[in-house]
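Q: Below you'll find the structure I mean.
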Amino acid sequence: MYLSALFACAALAALFSLRQAEPSPLSEPVPSLPPLSGQSIRVLLSSGPGLYLFDSLEVIPLYERAQVRGGPGPQSLRPAFSSLGDGPIRFTVENGQIRASVLGQSYDLGAFAEVSPSPQAQPGTRFLIGAKNRAGFFPEYPGSLHLSLREGRLLVVNQLDMQEYLRRVLPSEMPPTFPLEALKAQAVAARTYAYSRMSAPPERNYWKSFGADLDDSTSEQLYNAQPPQSLTDQAVAETLGQVLTYRGEAVQTYYFSTSPGSTASIEEVWPDRDRVAYLRARTQANPLTVNITGEGQALGFFKNWSPEGFYDGESSLFRWRLTLSREELEAILSKTLPALRRASPQFVRTVEGRYAPERPEFELGTLEGLKVLRRTSGGYITELEISTSRGRYWVGRESNIRSLIRPDRRYTGGPDILLERFNGVSSPNFPALPSAAFAWEEERAAGNLQRLTFWGGGYGHGVGMSQYGARGLARAGKSHREILEHFYPGTTLTVLKADK
């Protein structure tokens, strides 16, 4: 998920009335498909990692006839033709407008186009998009597709019902093999997050400039990376309309994969965020209490690979280990430090040295050591100092620290770099450190650094709900209400009831 979601209550309150949630007996029959919410959400579809423009688009209607409309603006669309899977509808940009072609016929549609179920179609119409192939899985898109022009290419937004959206988010964000109560907690967190993005004004939601509420990637919530599953459908159905509120407002339902034994407070991990009462550091173990106060204690904590008592102990990344030579670290840092300085200048500074990382003549020099300047009580490093023969550099914010040390051969030019997981599996060339919760051991010869072994735990930013922690709590018999209260203390489970 994206880490800068902002929540607005005014629009939410205008759309829905709030009431306390009533328990949903598990004995009630679950429909084959979750009931619709009556509220639609707009999802910007990506054409690749961080990319959103398509040179062309092939759309195949499934099960029912589709209608294609076009026009100069989104409010002035006119019917152009209909199609029932006769072949792919190919959309291209020609002479500054969208053109659709099917079965040898071409239609000039204008600057905007829409593909939607025909008025006579039964519920269940979905679309295949030729360019959307996720590791051999071809997702089906319900609702309607809205095409517009941007820089001479196609921008595509999928508009669909909230429940249908969640059916495709849940198995993409949490393994469908997790216990039902953990999946229900995830459904509520994902729904709350989605409603918050819908409610946010344009100045607080980047995606609204594209006519969307959020995108389909991990920048927000991963959508349609896996097909719907029966148990995740059940979780979506049994939590229909349920969201979390605090003092009458929708909350910031951040979540992540795995904690090392504690979550983190929001302002510790993201220093540009305000303190929030329900996003505080919390121990994820029983009967242990995690409170790390020094580097020796941190190293001992991360070298303890016993999962006993930890809610996240079944995750393969509950603990992990990585060894890098000084030369490998120098090769990595010489690339990542300048890149981070360009991307996040407020969190990368030169403390001492003649040449800053953003300058063309920058050279890292010989690495002399790393130093933790600030660490959360749960073990997440939020400020780190790099010392070299040419200078000292400060890096802040957990995401930057994870991106600083990238155990990937693409940065070293040498053999594969292996990250050993808690379950004994070694992952080659991990794209970044799994988390900023780690400590290290040094090997030196004649005072010179030779290599570092990093001992770490967890996967993700550490704020809000740990998904493997939710699994552990569910296995311990906790309900989804209790799981949500544990991770977002002081919040209220509320039902959004559509106004009639």
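Q: When a/c reaches 1.5 or more, the comparison of a/b and b/c decides; with that in mind, is the range 261-336 rounded, prolate or oblate per its Cα gyration tensor?
A: Details: a/c = 2.22, a/b = 1.25, b/c = 1.78.
Verdict is oblate for the range 261-336.
Q: Given the chain, what count of lysine pairs have C-alpha atoms under 30 Å apart, with each pair 8 or more places apart or on different chains?
A: Total qualifying Lys-Lys pairs in the chain comes to 13.
Q: With the Cα gyration tensor of the range 31-85 giving a ≥ b ≥ c as the square roots of its eigenvalues, does the rule (a/c under 1.5 for rounded; else a/b larger than b/c for prolate; else oblate) give rounded, prolate or oblate? Intermediate values should be presented prior to the final figure.
A: On the way: a/c = 1.43, a/b = 1.11, b/c = 1.29.
Judged from the Cα gyration tensor, the range 31-85 comes out rounded (a/c under 1.5).
Q: Between residue 97 and residue 450, 0.36 nm times their residue separation minus their Cα-Cα distance comes to what?
A: 121.1 nm
Q: For the chain, what's the relative contact order in percent, using C-alpha pairs closer than 8 Å and at least 6 residues apart? Mind dumping the intermediate values first?
A: On the way: 1170 pairs, mean separation 91.1, N = 500.
Relative contact order for the chain comes out at 18 percent.
Q: Also: Any idea which of 412, 466, 495 is furthest toward the positive side of the dipole for the range 396-500, if Lys and Arg beta-carbons carry +1 and Asp and Glu beta-carbons -1?
A: Value computed over the given set: 495.
Q: Restrict the search to the range 232-281; then list the trypsin sites (Lys or Arg not before Pro) that DSSP places in a loop and that have at most 15 other Cβ atoms within 10 Å of their Cβ. Present the calculation step by step, with values, prior to reporting the outcome.
A: Details: sites: 247, 273, 275, 280; in loops: 247, 273, 275, 280.
Answer by residue number: 247, 275.
Q: As an exercise, identify the chymotrypsin sites (Phe, Trp or Tyr not before Pro) in the range 391-436 lying in DSSP coil whose Cβ has no more than 13 other Cβ atoms within 10 Å.
A: Numbers: sites: 393, 394, 411, 422; in loops: 422.
For chymotrypsin sites (Phe, Trp or Tyr not before Pro) across the range 391-436 that sit outside H, G, I, E and B with at most 13 neighbouring Cβ atoms in 10 Å, the list is empty.
Q: Could the peptides 117-126, 169-178 be put in order, highest first, of the mean number of other beta-carbon atoms found within 10 Å of their residues?
A: On the way: 117-126: 14.3, 169-178: 21.4.
Taking the mean over residues of other Cβ atoms within 10 Å, the ranking is 169-178, 117-126.
Q: Using amide H atoms built 1.01 Å from N in the peptide plane, name the residues 5+ places from residue 118, or on other chains, whose amide H lies under 5 Å from its own.
A: Here the answer is 65, 66, 67, since their amide H atoms fall under 5 Å of that of residue 118.
Q: Please give the contour-minus-distance gain from residue 327 to residue 81: 0.36 nm per residue of separation, less the Cα-Cα distance, rounded to one decimal in nm.
A: Working it through step by step, the gained length comes to 82.3 nm.
Q: Can you list the residues, at least 5 places off or on another chain, whose amide H is less than 5 Å from the amide H of residue 451, using H built in the peptide plane?
A: Residues meeting the amide H criterion: 326, 443.
Q: Kindly identify the range 185-225 as rounded, prolate or oblate by the Cα gyration tensor criterion: order the square roots of the eigenvalues as a ≥ b ≥ c, call it rounded if a/c is under 1.5, otherwise compare a/b with b/c, prolate if a/b is larger, else oblate.
A: oblate
Q: Count the net charge of all other residues whose Cβ sits under 11 Å from the Cβ of residue 146, scoring Lys and Arg as +1 and Asp and Glu as -1.
A: It works out to a net charge of +1.
Q: A further question follows. Pick the calculated semi-axes √(5λ) of the Cα gyration tensor in Å for this structure from [x] 34, 26, 24; [y] 35, 31, 22; [z] 42, 29, 20?
A: [z]
Q: Once neighbouring chains are kept in place and the probe is 1.4 Å, which whole percent of the accessible area of the chain is contributed by carbon and sulfur?
A: Here carbon and sulfur together make up 48 percent of the probe-accessible area.
Q: Measuring from centroid to centroid over Cα atoms, what is the spacing of the range 86-107 and the range 259-318 in Å?
A: The range 86-107 and the range 259-318 have Cα centres separated by 54 Å.
Q: Which order do 218, 350, 192 take by accessible area at a 1.4 Å probe, largest first?
A: Largest accessible area first, the residues go 218, 350, 192.
Q: Between 189, 147, 226, whose Cα lies farthest towards the positive end of the dipole of the range 136-238 when Lys and Arg beta carbons carry +1 and Asp and Glu beta carbons carry -1, centred on the Cα centre?
A: Value computed over the given set: 147.
Q: Ordering 216, 108 by accessible area with a probe of 1.4 Å, largest first, what comes out?
A: If we order 216, 108 from most to least accessible, we get 108, 216.
Q: Rounded to the nearest 500 deg cm²/dmol, what is the calculated helix-only ellipticity per residue at 222 nm for the chain, with -39500 (n - 2.57) per DSSP H run of length n ≥ 4?
A: Rounded to the nearest 500, the figure is -6000 deg cm²/dmol.
Q: Beta carbons within 10 angstrom, averaged per residue: use that to sort the peptides 372-384, 94-106, highest first.
A: Answer by packing, highest mean first, reads 372-384, 94-106.
Q: Probe of 1.4 angstrom, ligands and nucleic acids ignored: what's the accessible area per residue over the chain, in square angstrom?
A: 42 Å²
The values are calculated or read from the model by the stated rules, or taken from the named source; none is laboratory data. Remember, it's a predicted structure, so these values are computed and weren't measured experimentally. Every residue, glycine as well, gets a Cβ built from its backbone with ideal geometry; the counts of neighbours run over all protein chains shown. Side chains included, ligands, DNA and RNA excluded: accessible areas come from the protein's heavy atoms. Shrake-Rupley method; radii C 1.70, N 1.55, O 1.52, S 1.80 Å.
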